[in-house]
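See structure below.
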Amino acid sequence: MFPAKFAYAAPSSLQEAVGLLADPEAKVLAGGHSLLPLMKLRLAQPKLLVDIGRIPGLSYVRSEDGQLAIGAMTTYREIELSDVVHRAAPVLAEAAHEVGDPQVRAKGTLAGALAHADPAGDLPAVVLALGGSVRAVGPSGERDIDLDGFFVDMLTTALDEREIIREVRLRAQQPGAGAAYQKFDQPASHYALTGICVVVTLNGGSIASARIGVTGVGPKAYRPTAVEQALIGKPAEEEAVKAAVQTVADGIDVQGDIHASPEYRAHLARVLTRRAVLQAAQRARG
Ligand SMILES: Cc1cc2nc3c(=O)[nH]c(=O)nc-3n(C[C@H](O)[C@H](O)[C@H](O)COP(=O)(O)OP(=O)(O)OC[C@H]3O[C@@H](n4cnc5c(N)ncnc54)[C@H](O)[C@@H]3O)c2cc1C
(Lines give C-alpha, C1' and ligand atoms only; values in the text may rest on other atoms or scores of the structure.)
Protein backbone atom coordinates (compact mmCIF):
# COMPACT_ATOMS: atom_id res chain seq x y z
CA MET A 1 0.00 0.00 0.00
CA PHE A 2 1.23 3.47 -0.85
CA PRO A 3 0.45 6.69 0.98
CA ALA A 4 -1.11 9.67 -0.77
CA LYS A 5 1.38 12.16 -2.23
CA PHE A 6 3.16 14.35 0.33
CA ALA A 7 6.06 16.80 0.52
CA TYR A 8 9.00 16.21 2.84
CA ALA A 9 11.07 18.71 4.80
CA ALA A 10 14.14 18.04 6.96
CA PRO A 11 14.60 21.14 9.11
CA SER A 12 17.90 21.58 10.92
CA SER A 13 16.45 23.22 14.05
CA LEU A 14 13.32 22.96 16.19
CA GLN A 15 12.53 26.61 15.45
CA GLU A 16 12.54 25.84 11.72
CA ALA A 17 10.36 22.77 12.34
CA VAL A 18 7.84 24.83 14.33
CA GLY A 19 7.74 27.34 11.46
CA LEU A 20 6.95 24.56 8.97
CA LEU A 21 4.08 23.38 11.19
CA ALA A 22 2.30 26.68 10.45
CA ASP A 23 0.93 24.72 7.48
CA PRO A 24 -2.21 23.08 8.96
CA GLU A 25 -1.66 20.05 6.70
CA ALA A 26 1.86 19.42 8.02
CA LYS A 27 2.77 16.68 10.50
CA VAL A 28 5.85 15.88 12.53
CA LEU A 29 7.70 12.72 11.53
CA ALA A 30 9.84 11.03 14.21
CA GLY A 31 10.41 7.25 14.04
CA GLY A 32 7.51 6.87 11.61
CA HIS A 33 6.27 3.62 13.14
CA SER A 34 2.80 4.94 13.87
CA LEU A 35 2.47 7.71 11.31
CA LEU A 36 3.65 5.85 8.20
CA PRO A 37 1.30 2.85 8.69
CA LEU A 38 -1.60 5.30 9.08
CA MET A 39 -0.53 7.08 5.88
CA LYS A 40 -0.28 3.81 3.98
CA LEU A 41 -3.81 2.96 5.08
CA ARG A 42 -4.81 6.53 4.06
CA LEU A 43 -6.15 7.11 7.56
CA ALA A 44 -3.77 10.08 7.67
CA GLN A 45 -2.98 12.18 4.60
CA PRO A 46 -0.64 14.99 5.64
CA LYS A 47 0.51 17.16 2.75
CA LEU A 48 3.88 17.85 4.40
CA LEU A 49 6.05 15.67 6.65
CA VAL A 50 8.38 17.61 8.93
CA ASP A 51 11.16 15.16 9.77
CA ILE A 52 12.67 16.09 13.14
CA GLY A 53 15.08 13.15 12.90
CA ARG A 54 17.76 15.26 11.21
CA ILE A 55 17.81 17.94 13.93
CA PRO A 56 21.00 17.51 15.93
CA GLY A 57 20.93 16.98 19.70
CA LEU A 58 17.46 15.48 20.20
CA SER A 59 18.59 11.99 21.13
CA TYR A 60 19.70 11.72 24.77
CA VAL A 61 18.88 10.46 28.25
CA ARG A 62 20.10 12.58 31.15
CA SER A 63 19.62 12.57 34.88
CA GLU A 64 18.72 16.10 36.05
CA ASP A 65 17.43 17.21 39.50
CA GLY A 66 15.89 13.84 40.37
CA GLN A 67 14.33 13.57 36.92
CA LEU A 68 15.06 11.71 33.74
CA ALA A 69 15.26 14.04 30.74
CA ILE A 70 14.66 12.16 27.50
CA GLY A 71 15.12 13.89 24.14
CA ALA A 72 12.46 13.81 21.43
CA MET A 73 14.34 11.46 19.09
CA THR A 74 15.40 8.95 21.77
CA THR A 75 14.32 5.49 20.65
CA TYR A 76 12.95 2.63 22.70
CA ARG A 77 16.22 0.78 22.05
CA GLU A 78 18.28 3.64 23.48
CA ILE A 79 16.03 3.68 26.55
CA GLU A 80 16.34 -0.09 26.97
CA LEU A 81 20.14 0.17 26.90
CA SER A 82 20.56 3.36 28.94
CA ASP A 83 22.46 2.99 32.23
CA VAL A 84 20.86 6.25 33.37
CA VAL A 85 17.39 4.74 32.89
CA HIS A 86 18.40 1.48 34.58
CA ARG A 87 19.53 3.44 37.64
CA ALA A 88 16.69 6.01 37.82
CA ALA A 89 13.61 4.18 36.50
CA PRO A 90 14.35 0.57 35.58
CA VAL A 91 10.66 -0.06 34.89
CA LEU A 92 10.90 2.27 31.88
CA ALA A 93 13.66 0.14 30.33
CA GLU A 94 11.68 -3.00 31.15
CA ALA A 95 8.54 -1.67 29.44
CA ALA A 96 10.48 -0.32 26.43
CA HIS A 97 11.72 -3.86 25.88
CA GLU A 98 8.08 -5.01 25.68
CA VAL A 99 7.27 -2.77 22.70
CA GLY A 100 6.76 -4.43 19.31
CA ASP A 101 9.85 -6.07 17.88
CA PRO A 102 13.52 -5.07 17.45
CA GLN A 103 12.78 -3.06 14.27
CA VAL A 104 10.04 -1.05 15.99
CA ARG A 105 12.25 -0.46 19.03
CA ALA A 106 15.15 0.68 16.85
CA LYS A 107 13.12 3.46 15.19
CA GLY A 108 10.15 4.27 17.45
CA THR A 109 10.57 7.09 19.97
CA LEU A 110 9.13 7.66 23.44
CA ALA A 111 8.08 11.21 22.50
CA GLY A 112 6.40 9.94 19.32
CA ALA A 113 4.52 7.30 21.27
CA LEU A 114 3.24 9.90 23.76
CA ALA A 115 2.28 12.36 20.99
CA HIS A 116 0.48 9.59 19.12
CA ALA A 117 -1.46 8.54 22.27
CA ASP A 118 -2.43 5.13 20.97
CA PRO A 119 -4.89 3.67 23.51
CA ALA A 120 -2.93 0.38 23.35
CA GLY A 121 0.56 1.91 23.52
CA ASP A 122 2.77 0.63 26.34
CA LEU A 123 4.70 3.69 27.44
CA PRO A 124 1.73 5.98 28.27
CA ALA A 125 0.97 3.71 31.26
CA VAL A 126 4.58 3.84 32.43
CA VAL A 127 4.98 7.61 32.21
CA LEU A 128 1.70 8.11 34.14
CA ALA A 129 2.88 5.80 36.92
CA LEU A 130 6.27 7.51 37.15
CA GLY A 131 4.85 11.03 36.80
CA GLY A 132 6.46 13.98 35.10
CA SER A 133 5.88 16.30 32.20
CA VAL A 134 6.31 16.87 28.52
CA ARG A 135 8.34 19.89 27.41
CA ALA A 136 6.83 21.26 24.23
CA VAL A 137 8.05 23.98 21.92
CA GLY A 138 5.67 25.97 19.74
CA PRO A 139 5.14 29.35 18.09
CA SER A 140 4.80 31.10 21.47
CA GLY A 141 7.82 29.44 23.06
CA GLU A 142 8.27 26.53 25.41
CA ARG A 143 5.92 25.09 28.04
CA ASP A 144 5.76 22.07 30.33
CA ILE A 145 2.60 19.95 30.24
CA ASP A 146 1.98 17.76 33.28
CA LEU A 147 1.57 14.16 32.18
CA ASP A 148 -1.56 13.86 34.34
CA GLY A 149 -3.33 16.18 31.91
CA PHE A 150 -1.51 15.18 28.74
CA PHE A 151 -3.68 12.34 27.39
CA VAL A 152 -7.02 13.86 26.45
CA ASP A 153 -8.76 11.17 24.39
CA MET A 154 -8.05 8.44 21.85
CA LEU A 155 -5.09 9.64 19.71
CA THR A 156 -5.55 13.11 21.23
CA THR A 157 -3.25 14.96 23.61
CA ALA A 158 -2.94 18.40 25.17
CA LEU A 159 -0.37 19.34 22.52
CA ASP A 160 -1.32 22.10 20.14
CA GLU A 161 -1.01 21.11 16.45
CA ARG A 162 1.95 23.47 16.07
CA GLU A 163 3.80 22.18 19.13
CA ILE A 164 6.63 19.67 19.13
CA ILE A 165 7.68 17.62 22.13
CA ARG A 166 11.29 18.58 22.71
CA GLU A 167 11.82 16.48 25.82
CA VAL A 168 10.00 14.08 28.14
CA ARG A 169 10.80 14.59 31.84
CA LEU A 170 10.05 11.73 34.23
CA ARG A 171 10.43 11.47 37.99
CA ALA A 172 13.12 9.02 39.02
CA GLN A 173 11.93 6.20 41.30
CA GLN A 174 12.47 7.20 44.94
CA PRO A 175 15.00 5.15 46.89
CA GLY A 176 13.10 2.18 48.35
CA ALA A 177 10.33 2.33 45.74
CA GLY A 178 9.49 -0.71 43.66
CA ALA A 179 7.95 -0.69 40.20
CA ALA A 180 6.59 -3.23 37.74
CA TYR A 181 4.94 -3.34 34.30
CA GLN A 182 2.54 -6.18 33.57
CA LYS A 183 1.16 -6.58 30.07
CA PHE A 184 -1.12 -8.96 28.22
CA ASP A 185 -0.29 -8.40 24.58
CA GLN A 186 -1.77 -8.94 21.18
CA PRO A 187 0.57 -11.68 19.99
CA ALA A 188 1.14 -10.38 16.43
CA SER A 189 1.83 -6.68 17.09
CA HIS A 190 2.62 -6.93 20.83
CA TYR A 191 0.44 -3.89 21.48
CA ALA A 192 -1.07 -4.01 24.98
CA LEU A 193 -4.54 -5.55 25.16
CA THR A 194 -4.04 -4.34 28.71
CA GLY A 195 -0.90 -2.97 30.33
CA ILE A 196 -0.48 -1.86 33.94
CA CYS A 197 2.45 -0.02 35.46
CA VAL A 198 2.70 0.37 39.24
CA VAL A 199 5.16 2.28 41.42
CA VAL A 200 4.84 1.67 45.18
CA THR A 201 6.62 2.53 48.39
CA LEU A 202 6.22 0.49 51.56
CA ASN A 203 6.06 1.27 55.24
CA GLY A 204 6.89 -1.99 56.98
CA GLY A 205 4.68 -4.56 55.28
CA SER A 206 2.06 -2.03 54.19
CA ILE A 207 1.72 0.11 51.10
CA ALA A 208 2.63 3.73 51.84
CA SER A 209 2.06 5.13 48.34
CA ALA A 210 1.00 3.86 44.94
CA ARG A 211 0.89 5.33 41.45
CA ILE A 212 -0.71 3.30 38.69
CA GLY A 213 -0.88 3.80 34.92
CA VAL A 214 -3.34 1.81 32.82
CA THR A 215 -3.24 1.34 29.05
CA GLY A 216 -5.23 -0.73 26.56
CA VAL A 217 -8.46 -0.51 28.58
CA GLY A 218 -10.11 2.83 27.83
CA PRO A 219 -9.79 5.27 24.92
CA LYS A 220 -6.73 6.79 26.59
CA ALA A 221 -4.19 5.84 29.22
CA TYR A 222 -5.27 6.83 32.74
CA ARG A 223 -4.49 6.69 36.45
CA PRO A 224 -7.10 4.86 38.57
CA THR A 225 -6.73 7.25 41.49
CA ALA A 226 -9.43 5.54 43.61
CA VAL A 227 -7.40 2.32 43.50
CA GLU A 228 -4.19 4.20 44.33
CA GLN A 229 -5.96 5.59 47.42
CA ALA A 230 -7.52 2.26 48.36
CA LEU A 231 -4.09 0.59 48.42
CA ILE A 232 -2.61 3.00 50.97
CA GLY A 233 -2.19 1.35 54.36
CA LYS A 234 -3.11 -2.10 53.02
CA PRO A 235 -0.73 -5.01 53.56
CA ALA A 236 1.15 -5.83 50.36
CA GLU A 237 -0.43 -9.26 50.29
CA GLU A 238 -2.53 -11.15 47.75
CA GLU A 239 -6.03 -10.89 49.28
CA ALA A 240 -5.78 -7.29 50.46
CA VAL A 241 -4.38 -6.12 47.12
CA LYS A 242 -6.95 -8.11 45.17
CA ALA A 243 -9.77 -6.42 47.07
CA ALA A 244 -8.28 -2.94 46.63
CA VAL A 245 -7.85 -3.14 42.84
CA GLN A 246 -11.35 -4.31 41.90
CA THR A 247 -12.49 -0.86 40.71
CA VAL A 248 -9.56 -0.29 38.33
CA ALA A 249 -11.82 -0.17 35.24
CA ASP A 250 -14.86 1.41 36.93
CA GLY A 251 -16.13 4.58 35.27
CA ILE A 252 -13.99 3.92 32.18
CA ASP A 253 -15.42 3.52 28.67
CA VAL A 254 -13.77 0.10 28.33
CA GLN A 255 -13.00 -0.64 24.69
CA GLY A 256 -13.87 -3.81 22.78
CA ASP A 257 -12.59 -5.04 19.42
CA ILE A 258 -11.84 -8.25 17.55
CA HIS A 259 -9.05 -9.02 20.01
CA ALA A 260 -10.86 -8.61 23.34
CA SER A 261 -14.34 -7.70 24.62
CA PRO A 262 -14.79 -4.88 27.15
CA GLU A 263 -15.56 -7.48 29.86
CA TYR A 264 -12.34 -9.34 29.13
CA ARG A 265 -10.26 -6.14 29.14
CA ALA A 266 -11.77 -5.09 32.49
CA HIS A 267 -10.98 -8.56 33.86
CA LEU A 268 -7.39 -8.30 32.58
CA ALA A 269 -7.07 -4.88 34.20
CA ARG A 270 -8.03 -6.28 37.62
CA VAL A 271 -5.75 -9.32 37.33
CA LEU A 272 -2.75 -7.42 35.97
CA THR A 273 -3.10 -4.59 38.49
CA ARG A 274 -3.01 -7.12 41.33
CA ARG A 275 0.05 -8.80 39.83
CA ALA A 276 1.85 -5.53 39.15
CA VAL A 277 1.22 -4.20 42.68
CA LEU A 278 2.50 -7.43 44.24
CA GLN A 279 5.56 -7.51 41.97
CA ALA A 280 6.33 -3.84 42.62
CA ALA A 281 6.00 -4.44 46.39
CA GLN A 282 8.31 -7.45 46.14
CA ARG A 283 10.89 -5.27 44.41
CA ALA A 284 10.47 -2.51 46.99
CA ARG A 285 11.34 -5.06 49.70
CA GLY A 286 14.61 -5.58 47.77
C1 LIG B 1 4.58 -3.55 13.75
C2 LIG B 1 4.43 -2.56 14.87
C3 LIG B 1 4.29 -3.02 16.16
C4 LIG B 1 4.15 -2.11 17.21
N5 LIG B 1 4.00 -2.60 18.48
C6 LIG B 1 3.88 -1.74 19.50
C7 LIG B 1 3.75 -2.22 20.84
O8 LIG B 1 3.79 -3.42 21.13
N9 LIG B 1 3.60 -1.30 21.82
C10 LIG B 1 3.59 0.06 21.56
O11 LIG B 1 3.47 0.84 22.50
N12 LIG B 1 3.73 0.53 20.31
C13 LIG B 1 3.89 -0.32 19.28
N14 LIG B 1 4.04 0.17 18.00
C15 LIG B 1 4.03 1.66 17.77
C16 LIG B 1 5.43 2.23 17.99
O17 LIG B 1 5.68 2.21 19.35
C18 LIG B 1 5.56 3.66 17.42
O19 LIG B 1 6.87 3.81 17.00
C20 LIG B 1 5.33 4.77 18.38
O21 LIG B 1 4.04 4.63 18.92
C22 LIG B 1 5.39 6.14 17.70
O23 LIG B 1 6.69 6.65 17.76
P24 LIG B 1 7.39 7.15 16.42
O25 LIG B 1 8.66 7.80 16.84
O26 LIG B 1 7.50 6.04 15.44
O27 LIG B 1 6.37 8.28 15.93
P28 LIG B 1 5.81 8.66 14.48
O29 LIG B 1 5.15 7.50 13.86
O30 LIG B 1 6.86 9.34 13.68
O31 LIG B 1 4.73 9.74 14.90
C32 LIG B 1 3.54 9.36 15.57
C33 LIG B 1 2.65 10.60 15.81
O34 LIG B 1 3.26 11.44 16.79
C35 LIG B 1 3.60 12.72 16.22
N36 LIG B 1 4.93 13.04 16.76
C37 LIG B 1 6.03 12.24 16.73
N38 LIG B 1 7.03 12.80 17.43
C39 LIG B 1 6.55 13.99 17.89
C40 LIG B 1 7.12 15.03 18.68
N41 LIG B 1 8.38 14.99 19.16
N42 LIG B 1 6.33 16.10 18.99
C43 LIG B 1 5.04 16.17 18.52
N44 LIG B 1 4.47 15.21 17.78
C45 LIG B 1 5.21 14.13 17.46
C46 LIG B 1 3.56 12.54 14.71
O47 LIG B 1 3.22 13.73 14.03
C48 LIG B 1 2.48 11.47 14.56
O49 LIG B 1 1.21 12.07 14.62
C50 LIG B 1 4.18 -0.71 16.94
C51 LIG B 1 4.34 -0.24 15.62
C52 LIG B 1 4.47 -1.16 14.59
C53 LIG B 1 4.66 -0.62 13.20
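The values are calculated or read from the model by the stated rules, or taken from the named source; none is laboratory data. Owing to the predicted nature of the structure, the values given are computational and were not obtained by experimental measurement. We place every Cβ from the backbone using ideal geometry, glycine too, and count neighbours over all the protein chains shown. Surface areas here come from the heavy atoms of the whole protein model, side chains and all, with no ligands, DNA or RNA. Shrake-Rupley method; radii C 1.70, N 1.55, O 1.52, S 1.80 Å.
Output yes when any residue across the stretch 254-269 is more than 26 Å from G100 (Cβ to Cβ) and not charged (D, E, K, R), and no when none is. No; the residues of the stretch 254-269 include none that is more than 26 Å from G100 (Cβ to Cβ) and not charged (D, E, K, R).
Evaluation of T201 against the conditions (1) in contact (Cβ under 8 Å) with a residue 60 or more places away in the chain; (2) within 16 Å of A266 (Cα to Cα); (3) open to solvent by 10 Å² or more (accessible area, probe 1.4 Å) shows that the sole unmet condition is (2).
Would a scan of the stretch 267-278 turn up a residue that is of a type outside the set (S, T, Y) and either in a loop (DSSP other than H, G, I, E, B) or at positive phi (or both)? The answer is no; no qualifying residue exists.
Here's the yes/no breakdown for (1) open to solvent by less than 20 Å² (accessible area, probe 1.4 Å); (2) out of contact with any helix residue (DSSP H, G or I) (no Cβ under 7 Å at 6 or more places or on another chain); (3) touching a residue at least 60 places away in the same chain (Cβ under 8 Å):
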| site | (1), (2), (3) |
| --- | --- |
| V214 | yes, no, yes |
| P235 | no, yes, no |
| I252 | no, yes, no |
| L272 | yes, yes, yes |
| R283 | no, yes, yes |
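Candidates in the stretch 79-116 are the residues that are outside any helix (DSSP H, G or I) and surrounded by fewer than 19 Cβ atoms within 10 Å (Cβ to Cβ); of these, the one that is farthest from the ligand (Cβ to nearest atom) is D101. Of the residues in the stretch 43-61, at least one is without any contact (Cβ under 8 Å) to a residue 12 or more places away in the chain and either assigned to a loop (DSSP other than H, G, I, E, B) or open to solvent by less than 30 Å² (accessible area, probe 1.4 Å) (or both).
For the stretch 177-198, the set of residues classified as assigned to a loop (DSSP other than H, G, I, E, B) and either open to solvent by less than 10 Å² (accessible area, probe 1.4 Å) or in contact with a Gly (Cβ under 8 Å, 6 or more places away or on another chain) (or both) consists of S189, H190, Y191, listed by residue number. A240 - would you say it is near the ligand (Cβ under 10 Å from one of its atoms) and without any contact (Cβ under 8 Å) to a residue 40 or more places away in the chain? So A240 does not fit the description; no.
Look at A72 and say whether it is open to solvent by less than 10 Å² (accessible area, probe 1.4 Å) and either near the ligand (Cβ under 8 Å from one of its atoms) or in contact with a Cys (Cβ under 7 Å, 6 or more places away or on another chain) (or both). Here the answer is yes, as A72 does meet what is asked.
A Cβ distance below 9 Å, combined with a sequence gap of six or more or placement on separate chains, defines the contacts here; from the stretch 99-115, residues that are at positive phi reach residues that are among the aromatic types (F, W, Y) in the pairs G100/Y76; G100/Y191. State yes or no: is D65 open to solvent by 20 Å² or more (accessible area, probe 1.4 Å), more than 11 Å from the ligand (Cβ to nearest atom) and modelled with pLDDT under 95? So D65 fits the description; yes.
Mind listing whichever residues of the stretch 13-29 are open to solvent by 30 Å² or more (accessible area, probe 1.4 Å) and in a loop (DSSP other than H, G, I, E, B)?
Answer for the stretch 13-29, where residues must be open to solvent by 30 Å² or more (accessible area, probe 1.4 Å) and in a loop (DSSP other than H, G, I, E, B): S13, A22, D23, P24, E25.
Residues in the stretch 133-172 that are open to solvent by 40 Å² or more (accessible area, probe 1.4 Å) and part of a loop (DSSP other than H, G, I, E, B) were compared, and the one that is farthest from the ligand (Cβ to nearest atom) is S140.
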